[in-house]
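Structure first, then comments.
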Amino acid sequence: MKKIVYMDAGASWLKPKSVIDTEIDFVTNRYANAGRGVCERAGNVDNMVADARKCVADFIGAKSENIVWTSGATDGLNRIVNIITGQVWYNNNSTFTVSDLDHHSARLPWCALLKQGKIAKEFVCELDENLNINIDSIPKTDIFVITAMSNVVGVAQDVGAIIRAARAKNPNVITIVDASQYIVHKKIDVKKWDCDFMVFSGHKIGADTGVGVLYIRDIEKYMPDKFGGGMVNRVVDESDWVLNNAPEKFEAGTLPLTQISGLPHAIKYVSDWSGGTDLIHYIYDELSKIDKIKMITSRDACMLSFYIDGMHVLDFGALIGAYGICLRVGNMCASWTHKRLGIDGSIRISVGPWNTMDDAKYVVETIRKVVVK
């Protein structure tokens with residue numbers, strides 16, 4: 001059997017046995033719908049969802065009632081747009097600020113509103129020479145999208161300081177944090193950040209695909225963006241109804257229960273991980289010796305990104321894949337970052353708890369074979 005080395009943790013983590021076993025047990029022995037039954041089994045599922053919600057809340061420094069289940073960060077980021085623009089106080093004269101660190105799902109929904117004339121103006125926050133958000137140049141804005149860690153650059157932003165600077169310009173600014181990469185490497189405290197919204201995907205930390213987290217600080221301030229079963233207390237008539245309290249009022253329809261059951265185990269898994277710094281340092285030091293390889297990330301970044309002089313990243317991906325090595329190649333759904341760098345795409349190495357120093361040595365040896373001819 002071909003040796004497989006998976007170093008694409010930044011795209012999605014491999015699942016620990018504890019997550020897999022829990023989900024199999026839930027589907028096989030404990031499955032029922034949530035919020036829709038009074039039997040013991042349904043009650044146990046309700047308790048499981050509540051316990052998982054508290055686990056997430058504790059993980060990010062929040063309260064359970066501020067945690068909304070989504071299908072992932074992309075779903076959460078798009079829902080935030082719909083939630084904000086669906087409020088009676090929202091108007092089309094609002095401005096929004098983004099940065100060139102943003103993933104497509106963080107920035108494009110707002111760009112689409114601008115194209116449709118449903119928001120007035122876009123500001124692009126300046127980056128310094130190290131591709132960090134320049135806190136001294138943050139504009140006055142109504143809505144501020146902050147990528148806590150770029151999936152290309154791999155450096156944690158000072159989210160709290162960025163938000164304080166934004167609020168100094170406009171105390172009513174709505175701040176949205178994409179923590180999809182940050183959540184893996186750094187501890188989050190949403191209260192210290194003072195953000196209005198925050199998202200991450202479960203699969204980035206070893207949970208299953210199909211479950212994500214949306215944190216909403218002032219959750220009772222907002223009306224939901226979609227309607228359906230499980231979020232309505234009672235309907236009076238066609239124009240009058242009573243919704244359940246938050247967070248349930250934001251959770252129309254059946255939740256991703258199987259995925260939710262495994263999420264607490266993924267949180268423990270990522271919390272116990274040291275971060276793989278030794279592997280990244282080793283690979284960085286060795287690849288830096290190869291002239292054709294041009295590093296994008298610093299040595300102390302949480303991942304390693306580079307490109308190769310004279311070789312297209314997709315060609316490199318095909319060649320390295322033939323040796324059983326799984327890396328990410330392309331624009332990482334981060335087109336603006338690559339435009340800023342003046343390149344079409346990059347190669348990213350990101351490690352997880354399953355990776356070993358033997359893996360790192362094999363990757364370095366194989367890259368050297370492919371690049372040095």
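The values are calculated or read from the model by the stated rules, or taken from the named source; none is laboratory data. These numbers were taken from a predicted model, which means no experiment stands behind them. Heads up, the Cβs are rebuilt from the backbone with ideal geometry, glycines too, and the neighbour counts pull from every protein chain shown.
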Within the set of pairs 6 or more residues apart or between chains, which connect a residue that is part of a strand (DSSP E or B) inside segment 223-245 to a residue that is among the polar types (S, T, N, Q) with Cβ atoms less than 9 Å apart?
232/244; 233/244; 233/245; 241/233; 242/233; 243/233
Does segment 66-80 contain any residue that is among the hydroxyl-bearing types (Ser, Thr, Tyr), surrounded by 18 or more Cβ atoms within 10 Å (Cβ to Cβ) and either in the same structural domain as residue 218 (by TED's automatic domain parsing) or part of a strand (DSSP E or B) (or both)?
yes
In segment 252-264, what residues are within 20 Å of residue 79 (Cα to Cα) and surrounded by fewer than 23 Cβ atoms within 10 Å (Cβ to Cβ)?
252, 253, 254, 255, 256, 257
Take the residues in segment 155-184 that are of a type in the set (Gly, Ala, Ser) and over 18 Å from the mean Cα position of the chain (by Cα); name whichever of them is surrounded by the fewest Cβ atoms within 10 Å (Cβ to Cβ).
168
Considering segment 103-129 alone, what residues qualify as being part of a helix (DSSP H, G or I) and of a type in the set (A, V, I, L, M)?
106, 108, 112, 113, 114
For residue 301, are the conditions met, namely being more than 20 Å from the chain's Cα centre (by Cα) and either closer than 24 Å to residue 226 by Cα or assigned to a loop (DSSP other than H, G, I, E, B) (or both)?
no
Determine which single condition residue 181 fails, assuming it passes every other condition in (1) of a type outside the set (Asp, Glu); (2) touching a Lys or Arg at 6+ places or on another chain (Cβ under 8 Å); (3) farther than 29 Å from residue 261 by Cβ.
(3)
Do you know which of the residues in segment 333-358 that are of a type in the set (A, V, I, L, M) and under 14 Å from residue 99 (Cα atoms) is surrounded by the fewest Cβ atoms within 10 Å (Cβ to Cβ)?
341
Looking at 10, 35, which one is part of a loop (DSSP other than H, G, I, E, B) and on the phi > 0 side of the Ramachandran plot?
35
